[in-house]
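Only one structure is covered here, and it is reproduced in the block below.
The values are calculated or read from the model by the stated rules, or taken from the named source; none is laboratory data. If you're wondering where the values come from, they're calculated on a predicted model, not measured in any experiment. In this analysis, Cβ positions are derived from the backbone assuming ideal geometry, glycine residues included, and neighbour counts consider all displayed protein chains. Just the protein is used for accessible areas: all its heavy atoms, side chains included, with ligands, DNA and RNA removed. Shrake-Rupley method; radii C 1.70, N 1.55, O 1.52, S 1.80 Å.
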Amino acid sequence: MVQTFTRALVAQLQQIAACNALHPVEQRMALWLLRLHDETEDDVLRVTQDAMAELLGVRRPTVTQVAAKLKDTGAIRSARRGVVEVDRGRLEATTCHCYQAISFRLSRILPREEAPRRPHRRDGAEHDGSHT
Ligand SMILES: [Zn+2]
């Protein structure tokens, strides 16, 4: 079990290291909000700007700027002190492919019930596993 957990952690860290190096802060913030949303029952996330700054490795004013951009696109519906309401579909449209890559890798490593909830794609790009 520890080995499985370690593999899952390493898979995430590898992807996130690449993401940090390659992708703009806006996409990375969308990714973290999606990851938090995976662990939450509704669209209201409890996360402070300080925590976001730490997760993203940027200064707090940068978080404020990027959050304002995401609000303009509707990916963030509202943000008050420590509470962010998100629009999952718009976050998915904003983030880089790393979110899907992490979800995919976790779903292969972790037993299904422990894997994060798979996003419900609205664009019809779902894999049904069949090859015709
Ligand atoms: Zn990325």
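A few points about this structure:
- Based on protein heavy atoms only, segment 14-75 ends up with 55 Å² per residue of surface accessible to a 1.4 Å probe.
- All Cα pairs of segment 42-108, percent lying beyond 19 Å: 37
- Neighbour cut-off at most 15 other Cβ (10 Å), DSSP loop, trypsin sites (Lys or Arg not before Pro), segment 1-59: Arg59
- Mean projected area (nm²) of the alpha-carbon convex hull when segment 6-45 is viewed from all directions: 3.2
- Label-point gap, in nm, between Thr40 and Phe5 - each point 7 angstrom along Cα→Cβ: 2.5
- Orientation-averaged projection of segment 1-84 equals 6.0 nm² [convex hull of Cα atoms, one quarter of hull surface area].
- Accessible carbon and sulfur surface of segment 51-107 relative to its total accessible area, %, 1.4 Å: 50
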